[in-house]
1. Classify the range 118-187 as rounded, prolate or oblate, taking a ≥ b ≥ c as the square roots of the eigenvalues of its Cα gyration tensor: rounded when a/c is under 1.5, otherwise prolate if a/b is larger than b/c and oblate if not.
2. Counting only DSSP beta bridges with both residues in the chain, tell me the antiparallel percent, nearest 5.
3. How much length would be gained if the chain were fully extended between residue 201 and residue 119, taking 0.36 nm per residue of separation minus their Cα-Cα distance, in nm to one decimal?
4. Within 10 Å of each residue's Cβ, count the other Cβ atoms and sort 1, 89 from fewest upward.
5. For a paramagnetic label modelled at 7 Å from the Cα of residue 276 toward its Cβ, which residues of the range 142-174 fall within the zone defined by backbone nitrogen distances under 16 Å?
6. Using the Kirkwood radius over C-alpha pairs as Rh, can you work out the diffusion coefficient of the range 232-322 via Stokes-Einstein at 25 °C, viscosity 0.890 mPa s, in µm² per second?
7. Sorted by mean Cβ packing within 10 Å, highest first, what order do the peptides 241-254, 156-169 take?
8. Working out 0.36 nm times the residue gap between residue 235 and residue 182, then minus their Cα-Cα distance, what length gain in nm do you get to one decimal?
Ligand SMILES: NC(=O)c1ccc[n+]([C@@H]2O[C@H](COP(=O)([O-])OP(=O)(O)OC[C@H]3O[C@@H](n4cnc5c(N)ncnc54)[C@H](OP(=O)(O)O)[C@@H]3O)[C@@H](O)[C@H]2O)c1
């Protein structure tokens, strides 16, 4: 089989990485249609040795497309996806537009790909990046010990906010070096609470995504989750300090055993030399790294761990690519 694919947002951080994953795969692709904003229209991207012209978004161009990835923003997804809903194509949306819609599956293939067999929606949502990384680390622990409550603090990279935020980190860092006493360069050697909108409970949208999306993916609305999401001056790869409390009793040995068996999860820790995973080591890697796993000394039912992963990959492009791969491998198309 070979497929006609389209990518909306093909020039963005996520779109480019998706193109790399497709390029490196051995999946046969008949046509690849690339969309971006007006400012990129007419530019060319080389894919599998052929030049591809970037187009502006138009519904006619979706004719004959089998799969489209929406990797622009939630406004674009909300505007165009409903218009494609009744088509035969699969729509894999990386934005937050439909993640909370109960009729649309929210998929991390390692965790809940079975939902694709029961929910026949042609729109599939790929989750928030921080949520994906957190759940990759703990979903198998939940199966065995049942998670009661999660307390998380995130250390999120600039790339999670797209090209613009990466540019701001570089720009502000240079300016701060020139003027170390300045308080104007928010992102220069500084960190700040996640920039998404706050609700009436003073939680940011990002923090609420971690709660609502995790409950939906684990299919358990009883799990309690509270998080504080922070941007740190890291270009790529998110980190999370996680405290996880379980319903059942556990042993740390069993926790390790389960994590060692978890697909696409790696334990990386060197207690002897006090060396653990960093976002720099996790960058450009496909796995989710778990580190400094320890018993919570304040609660016999809880553990602490440090998790890092490249959210452009597993938190976005790679996860969407795996959804595509699952659909074609399981002949759902
Ligand atoms: N970055 C992450 O780690 C991450 C993780 C999970 C999910 N996501 C989601 O993935 C999506 C893309 O994020 P990103 O970080 O790649 O953002 P980005 O770097 O800002 O890229 C945005 C892309 O959307 C395109 N675009 C903007 N307006 C458009 C329009 N009117 N029509 C067509 N294309 C348009 C841009 O084209 P131009 O280059 O021409 O402006 C660019 O290709 C977002 O929905 C984001 O929430 C991102």
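Readers should treat all values here as calculations from the given coordinates under stated rules, not as data from a laboratory. Fair warning: this is a prediction, and the values are worked out from it, not measured in the lab. Note that each Cβ is placed from the backbone with ideal geometry, even for glycine, and that neighbours are counted across all protein chains shown.
1. Details: a/c = 4.98, a/b = 2.01, b/c = 2.48.
Oblate shape, in that a/c is at least 1.5 and b/c is the bigger or equal ratio.
2. Numbers: 31 of 63 bridges.
Bridges in the chain are about 50 percent antiparallel.
3. Working: separation 82, 0.36 × 82 = 29.52 nm, distance 3.28 nm.
Answer, rounded to one decimal: 26.2 nm.
4. 1, 89
5. Counting backbone N atoms under 16 Å from the label point, the list is 151-156.
6. Details: Rh = 14.0 Å.
Value of D from the Cα-based Kirkwood radius: 175 µm²/s.
7. 156-169, 241-254
8. Gain on extension, residue 235 to residue 182, equals 16.9 nm.
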